[in-house]
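Here is the structure we will look at, set down as structure tokens.
The values are calculated or read from the model by the stated rules, or taken from the named source; none is laboratory data. Keep in mind it's a predicted model, so treat the numbers as computed, not measured. Reconstructed Cβ throughout: ideal geometry from the backbone, glycine too, with neighbour counts over all protein chains shown.
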Amino acid sequence: MTGSSGNTLRFDARRRRVVLIAARFNATLVDQLVAGATQAWREHGGDASRLLVERVPGAFELPLVAKMFAASGEVDAVVALGCVIRGDTPHFDYVAGECARGLMDAGLQTGVPVIFGVLTTENLAQAEERADVTRMNKGRESMEAALEMIDLLAPPPKTGAGTRATDSRKKKGARR
């Protein structure tokens, strides 16, 4: 993702359509991720009517719904938000691992950016720090990663006969 050191890149979300898929499990933390993602969407010019928010039971269910939206042709990116905190059983490993694998597969199979905005932490304190909208909110970072990937994967603009196209992705890379 874009990193928690403070992103200075600007994206144009005005004509974009993004879906946030948010787990209800660990809702207090996930709701903060949704708030951070929504705030970033607005700050980059996104229209509230073009940002969908869908809920699923937990992180394990995120990949199926992510793939459904990515394959629909109706969104430019999918941002999956959830929180899995390590416990005393191997449940964490199964849920976190399969969620990550499924989200990656959804993006690779559809060609639509599917962003892994799922907190996978050792304890509640780590999760709270990463969800806090006044600190390193990973929902915000996930939305910005989605907008950056949309730009990166967008086809270069078409040019008229006899003109030479400048690859906008090269220009954007120079800003980093």
Q. Listed residues Leu147, Leu103, Leu108; which is of a type in the set (A, V, I, L, M, F, W, C), out of contact with any Lys or Arg (no Cβ under 9 Å at 6 or more places or on another chain), farther than 14 Å from Asn26 by Cα and at pLDDT 95 or above?
A. Leu108
Q: Consider only pairs whose beta carbons are under 6 Å apart and that are at least six residues apart or on different chains; among these, list those whose first residue lies in region 50-63 and is without any contact (Cβ under 8 Å) to a residue 40 or more places away in the chain and under 21 Å from Arg16 (Cα atoms) and whose second residue is in a helix (DSSP H, G or I) and of a type outside the set (Val, Ile, Thr).
A: Leu51/Trp41
Q: Take region 116-142 and flag every residue that is farther than 18 Å from Arg24 by Cβ, surrounded by 13 or more Cβ atoms within 10 Å (Cβ to Cβ), aliphatic (A, V, I, L, M) and out of contact with any Asp or Glu (no Cβ under 9 Å at 6 or more places or on another chain).
A: Val133
Q: Identify, from the list Ala22, Ala96, Ala71, the residue that is over 20 Å from Glu144 (Cα atoms) and touching a strand residue (DSSP E or B) at 6+ places or on another chain (Cβ under 6 Å).
A: Ala96
(Q) For a quick check of your reading: which strands (runs of 3 or more DSSP E) sit entirely within region 1-92 and have at least 2 residues that are surrounded by fewer than 23 Cβ atoms within 10 Å (Cβ to Cβ) and under 16 Å from the mean Cα position of the chain (by Cα)? (A) 51-56
(Q) Looking only at residues that are among the β-branched types (Val, Ile, Thr) and not in a strand (DSSP E or B) in region 93-127, which one is farthest from the chain's Cα centre (by Cα)? (A) Val95
